[in-house]
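Report on one structure; see the data block that follows.
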Amino acid sequence: SAVAWGWPVLLAFVTTPLIVRGLGADAYGVRSLVLSITGYFAILDLGLNGAVPKYLAEYHVKNDRPQMAELLGTTLTTYMVFGLVGGALIWILADWFAASLFSIPPQFQQESVWALRLSGIGFFLSMITWWGSSIPTGLQRFDVFNGISIGFGTLTTIGSLAAVLLGYGLLGIVWANLLSNAIAIISYCVAARQLLPGIPLRVSFQWRMFKRTVLFGLYMVAFRIFGLLFAQLDT
């Protein structure tokens, strides 16, 4: 876990100056804005990244395979729907974000709009990645989770640096992130097949399971929000 946290930080410490130099300060600032916008939309997760591991661990210790299948199918559907909604909103609002909300300079607006639109696709992929990461977490296979996390973080950072050095600029970085997310999804699906043999990983939906996971997830979201507020008020 320490390596999974520290390695991306060290890698970013080494590569960020090179990326800033290659992109330029203004384009790097636009990149930061794009990441911030997609980060705010992550609230659509509704705390499922805490609910799925919780219930998966509970059903796994009971060897309740039907419930595990129901849980994974329902939450996969939920993540896909929320990912599509968030991604579509980012795509539709890209022009407004670039021109009005952040008043990005005209010379960067067109590139920024397309970077935002592609990030909308990336947001959808990120949702599926979060779903996949909850499986090894719920099974307490942190070796698998951290291994994939380290690989994903390394690929994302090296891909971004390569895109800049090859002259593909901001859009190249976004494409590199999309590729990294796709590889992470495949990795988590392969790991899930090995960790849960015989459990189907397919889209399904059960209202009862949806209600259970979302209600627990909303408690998680409220806990984080109030924890952040108390921390800020305390300082």
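Kindly indicate whether any position in region 173-186 is among the small types (Gly, Ala, Ser), touching a residue at least 60 places away in the same chain (Cβ under 8 Å) and in contact with a helix residue (DSSP H, G or I) (Cβ under 9 Å, 6 or more places away or on another chain).
No, there is no match, as no residue in region 173-186 is among the small types (Gly, Ala, Ser), touching a residue at least 60 places away in the same chain (Cβ under 8 Å) and in contact with a helix residue (DSSP H, G or I) (Cβ under 9 Å, 6 or more places away or on another chain).
Does any residue in region 91-102 that is open to solvent by less than 70 Å² (accessible area, probe 1.4 Å) come within less than 7 Å, Cβ to Cβ, of a residue that is hydrophobic (A, V, I, L, M, F, W, C) and outside any helix (DSSP H, G or I) six or more places away or on a different chain, and which pairs are these?
Final answer for the pair search is ALA98/ILE104.
Name the pairs: first residue in region 1-27 and in contact (Cβ under 8 Å) with a residue 60 or more places away in the chain, second residue of a type in the set (Lys, Arg) and assigned to a helix (DSSP H, G or I), Cβ to Cβ under 7 Å, at least 6 apart or on different chains?
Pairs that qualify, where the first residue is in contact (Cβ under 8 Å) with a residue 60 or more places away in the chain and the partner is of a type in the set (Lys, Arg) and assigned to a helix (DSSP H, G or I), are LEU23/ARG31.
Out of all the residues in region 181-235, which are out of contact with any Leu (no Cβ under 9 Å at 6 or more places or on another chain), over 28 Å from THR157 (Cα atoms) and β-branched (Val, Ile, Thr)?
ILE225, THR235 - these are the residues of region 181-235 that are out of contact with any Leu (no Cβ under 9 Å at 6 or more places or on another chain), over 28 Å from THR157 (Cα atoms) and β-branched (Val, Ile, Thr).
Checking the structure you have, find out if any residue of region 64-86 is under 16 Å from ALA51 (Cα atoms), of a type in the set (Asp, Glu) and open to solvent by 10 Å² or more (accessible area, probe 1.4 Å).
For region 64-86, residues under 16 Å from ALA51 (Cα atoms), of a type in the set (Asp, Glu) and open to solvent by 10 Å² or more (accessible area, probe 1.4 Å): present.
Filter region 138-154 for residues that are farther than 14 Å from ALA184 by Cβ and touching a residue at least 12 places away in the same chain (Cβ under 8 Å) and give the result.
GLY138, LEU139, GLN140, ARG141, PHE142
Quick one: in region 126-163, of everything that is polar (S, T, N, Q) and under 25 Å from GLY73 (Cβ atoms), which residue is most open to solvent (accessible area, probe 1.4 Å)? Reasoning before the result, please.
Quick first cut of region 126-163, residues polar (S, T, N, Q) only: 126, 129, 133-134, 137, 140, 146, 149, 154, 156-157, 160.
From the residues that got through so far, the ones that are under 25 Å from GLY73 (Cβ atoms) too are 126, 129, 133-134, 137, 140, 149.
Numbers: SER126: 27, THR129: 12, SER133: 23, SER134: 3, THR137: 41, GLN140: 134, SER149: 31 Å².
Taking the candidates together, the pick is GLN140.
Does region 116-125 contain at least one residue that is buried (at least 20 other Cβ atoms within 10 Å of the Cβ) and farther than 22 Å from VAL34 by Cα?
Within region 116-125 (the criterion being buried (at least 20 other Cβ atoms within 10 Å of the Cβ) and farther than 22 Å from VAL34 by Cα), the answer is no, since none of the residues qualifies.
Right, LEU46: open to solvent by less than 60 Å² (accessible area, probe 1.4 Å) and either aromatic (Phe, Trp, Tyr) or in contact with a helix residue (DSSP H, G or I) (Cβ under 9 Å, 6 or more places away or on another chain) (or both) or not?
yes
With respect to LEU18, is the statement that it is over 30 Å from VAL85 (Cα atoms) and open to solvent by less than 50 Å² (accessible area, probe 1.4 Å) true?
The answer is no for LEU18.
Checking PHE145 against (1) assigned to a helix (DSSP H, G or I); (2) out of contact with any Pro (no Cβ under 7 Å at 6 or more places or on another chain); (3) not aliphatic (A, V, I, L, M), only one condition comes out false. Which one?
Here PHE145 meets the rest and fails (2).
Looking only at region 199-207, decide whether some residue is within 20 Å of ASN49 (Cα to Cα), buried (at least 21 other Cβ atoms within 10 Å of the Cβ) and not aliphatic (A, V, I, L, M). Give the derivation first.
Of region 199-207, the ones within 20 Å of ASN49 (Cα to Cα) are 199-207.
Checking which are buried (at least 21 other Cβ atoms within 10 Å of the Cβ) leaves us with none.
No; the residues of region 199-207 include none that is within 20 Å of ASN49 (Cα to Cα), buried (at least 21 other Cβ atoms within 10 Å of the Cβ) and not aliphatic (A, V, I, L, M).
The values are calculated or read from the model by the stated rules, or taken from the named source; none is laboratory data. Keep in mind that this is a model prediction, so the values were computed, not measured. Reconstructed Cβ throughout: ideal geometry from the backbone, glycine too, with neighbour counts over all protein chains shown. Calculation scope for accessible area: heavy atoms of the full protein, side chains included, ligands and nucleic acids excluded. Shrake-Rupley method; radii C 1.70, N 1.55, O 1.52, S 1.80 Å.
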